[in-house]
Amino acid sequence: MKDRCNPVGSGIGDLAFFGARPAFEEALHVGRPNIGKRAALLVRINKLLDNRWLTNDGTYVQEFEKRVADFTGVKHCIAMCNATVALEVLIRALDLKGEVIVPSFTFVATAHALQWQQITPVFCDIDPRTHNIDPARIEGLVTPRTTGILGVHLWGRPCPIDELQAIADSNRLALLFDAAHAFGCKYRARNIGRFGRAEVLSFHATKFINAGEGGAVVTNDDALAMRVRLMKNFGFSGYDEVVSIGTNGKMTELSAAMGLTNLESLESFTQINQENFEAYSQALGNLPGLSLIRYDKSAQPNYQYVVVEVDAAKARLTRDELLAVLHAENVLARRYFYPGVHRMEPYCSCFPEASMVLPETEAIASRVLVLPTGTGVTSADIEKICAIIRVAIEQGAEISKHFADAMQSAGSE
Ligand code: T4K
């Protein structure tokens, strides 16, 4: 086994895929959590242990809600155990029924939150330039059963909100957003979280600001906020009094302590993410067939996702071949959000023809690769990752031939 730590300028035999030692001894993950100030977190945890108040609208949850609402510029933030439950509760509180128009190029939770309550997700294609729902394709999907549009600010890049609002208004549909990726980002100088009837944030471990697990509904609608607040706590309006259907969607004090602590490091997380993004951008800028998705600085991105598109014809190897090369090096890049929700159950069984009307989703899902970033990734890591990618692309034709030969010999066995 060959030894090396940096494959810059190396040949195919220097890649782990072809027998060399992997560039990273330990797996480098996408979605490594950003961890804020440990001492501050431990102080909060000690306090909550002293107080013996662990959940059910404790003081940390209340403080977290206030901080998120103030930061976002909304009247109400209702913190929950995760964004999936927050979406489910919001959809129920809005009394959505029938069909809701949603992109397929998203994490499966967006569609599951609808289907979970027997609402049909009607998949809309995306704009390949933004990876977000394409407003030009929405009107054609509206039927008498449609009750809403659920946009997703993918990678933290805002949807075309004004266009979506105009379509929602003219068709009397509720507009809501899955803003799981977009905490801290802006649309036309206003914070994400203030648009549509309401938006849903995620504070999952892999997100820009994490609470371990966590989510929230943010809205300026007083009545809606009250319904959501009741529903996430079984419908209780006081001791012994239940006034609506509900579930257990509560955030714990431990999660809120984590969320509060990480919020205090928001600026430094953004700065590190941005530096990482720029390092990737410089190193990968001129590689044939590889393009890094761009962020509009005026939208104040959180840079939590480093996403590349692989054009197999120009790179002379496919996205999946590049993925195999990276995985062999212990760089666990991800194909988010392959293969598109419409190709997952139960949707692929319910709508076997969906791929016919989602050409851009299909194309982008076959090209996208998400690379490791966040505060756990160093500039030396990024240098190595980019060096591997450079070698893979320089040797693209040969790598691709290796895959074709392997497939052929597997077929002839
Ligand atoms: N809407 C959108 C658009 C979303 O992207 C998501 C979640 C949601 C809604 C729902 O939000 P939540 O209900 O989760 O709040 C992961 C996350 O679990 C998921 O939250 C996230 N999107 C999605 C994009 O990524 P998986 O299935 O890829 O998880 P997994 O276990 O493969 O972990 C992802 C990577 O993170 C791995 O490389 C390992 C690494 N990791 C993960 C955890 C939990 C760590 O290094 N440390 C950790 O503690 O879904």
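Before moving on, here are some points about what is shown:
- Restricting attention to region 285-332, the residues being assigned to a loop (DSSP other than H, G, I, E, B), farther than 25 Å from ARG21 by Cβ, in contact (Cβ under 8 Å) with a residue 24 or more places away in the chain and touching a Leu at 6+ places or on another chain (Cβ under 9 Å) number 4.
- Only one entry of SER265, SER244, SER237 meets the criterion of being surrounded by fewer than 20 Cβ atoms within 10 Å (Cβ to Cβ) and farther than 30 Å from ALA93 by Cβ, and that entry is SER265.
- Matching residues in region 369-399 - criterion: being surrounded by fewer than 17 Cβ atoms within 10 Å (Cβ to Cβ) and either in a helix (DSSP H, G or I) or not β-branched (Val, Ile, Thr) (or both): GLY376, SER379, ALA380, GLU383, ALA397, GLU398
- Residues considered: ILE192, ILE161, ILE149. Of these, the only one that is touching a Pro at 6+ places or on another chain (Cβ under 8 Å) and modelled with pLDDT of 95 or more is ILE192.
- For GLU88, the requirement of being surrounded by fewer than 22 Cβ atoms within 10 Å (Cβ to Cβ) and modelled with pLDDT of 95 or more is not met.
- Elements of type strands (runs of 3 or more DSSP E) contained in region 62-162, each with 1 or more residues being over 19 Å from ARG197 (Cβ atoms) and more than 12 Å from the ligand (Cβ to nearest atom): 120-124
- Residue check for ILE138: more than 18 Å from the chain's Cα centre (by Cα) and crowded, with 20+ Cβ neighbours inside 10 Å: yes
- For ALA39: the one exception among (1) more than 16 Å from the ligand (Cβ to nearest atom); (2) in contact with a helix residue (DSSP H, G or I) (Cβ under 8 Å, 6 or more places away or on another chain): (2)
- Candidates are the residues of region 358-412 that are of a type in the set (Asp, Glu) and assigned by TED's automatic domain parsing to the domain that holds PHE277; the one that is farthest from ASP311 (Cα to Cα) is ASP381.
- Selection status of VAL228, within 30 Å of ARG38 (Cβ to Cβ), within 16 Å of the ligand (Cβ to nearest atom) and either in a helix (DSSP H, G or I) or of a type outside the set (Phe, Trp, Tyr) (or both): no
- Search result, residues across region 203-225 that are over 30 Å from PRO372 (Cα atoms) and either within 16 Å of the ligand (Cβ to nearest atom) or in contact with a Ser or Thr (Cβ under 6 Å, 6 or more places away or on another chain) (or both): ALA225
The values are calculated or read from the model by the stated rules, or taken from the named source; none is laboratory data. On a predicted model such as this, the values are computed, not experimentally measured, just so you know. Every residue, glycine as well, gets a Cβ built from its backbone with ideal geometry; the counts of neighbours run over all protein chains shown.
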